Amino acid sequence: MTDFQIEKMSANLYRQSHLDLEQFARNRGVFVKFPGLEIGGLQPFCYIDFEARQTELHIHTFAAYPDQVTMIKTQSLFDFQ
């Protein structure tokens with residue numbers, strides 16, 4: 001099962017989301033930023049996190065697009081039973 005959400009946000013919320021996810025990634029997940037594609041002081045970035053359970057795999061992704069001040073969030077759940 002996969003769900004996704006598109007979230008349009010203010011520049012301030014975009015910056016705060018960037019900081020929060022980058023800090024969260026210090027303990028888990030992968031955070032990739034693209035400084036060469038910065039627009040108006042906002043960097044595009046991706047964050048991927050996963051949680052493996054005995055019979056399930058949960059994957060969460062966040063892809064941020066500064067030109068549209070938008071984030072696309074996905075959640076994928078895989079059941080191996």
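Taken together, the values in this text are just the output of simple stated rules run on the coordinates, not laboratory data. Nothing here was measured: the structure is a model prediction, and the numbers come from that model. Glycine gets a Cβ as well: all are built from the backbone with ideal geometry, and neighbour counts include every protein chain shown.
Computed per residue of the chain from DSSP H runs no shorter than four, each worth -39500 (n - 2.57), the mean residue ellipticity at 222 nm is -5500 deg cm²/dmol. Each peptide in 17-23, 65-71 receives the mean, over its residues, of other Cβ atoms within 10 Å, and ordering these scores from highest gives 65-71, 17-23.
Return the distance in nm (one decimal) between the two label points of a simple spin-label model at Ala63 and Lys33, each offset 7 Å from Cα along Cα→Cβ. In this crude spin-label approximation the distance works out to 2.0 nm.
Charges were assigned to the Cβ only: +1 to each Lys and Arg, -1 to each Asp and Glu. The resulting dipole of the stretch 2-79 about its Cα centre is roughly 200 debye.
Each principal axis of the stretch 2-79 carries a Cα extent, and these read 44, 24, 19 Å when sorted largest first. Farthest towards the positive end of the charge dipole of the chain, among the residues Leu77, His58, Gly29, is the Cα of Gly29, using unit charges on the Cβ of Lys, Arg, Asp and Glu.
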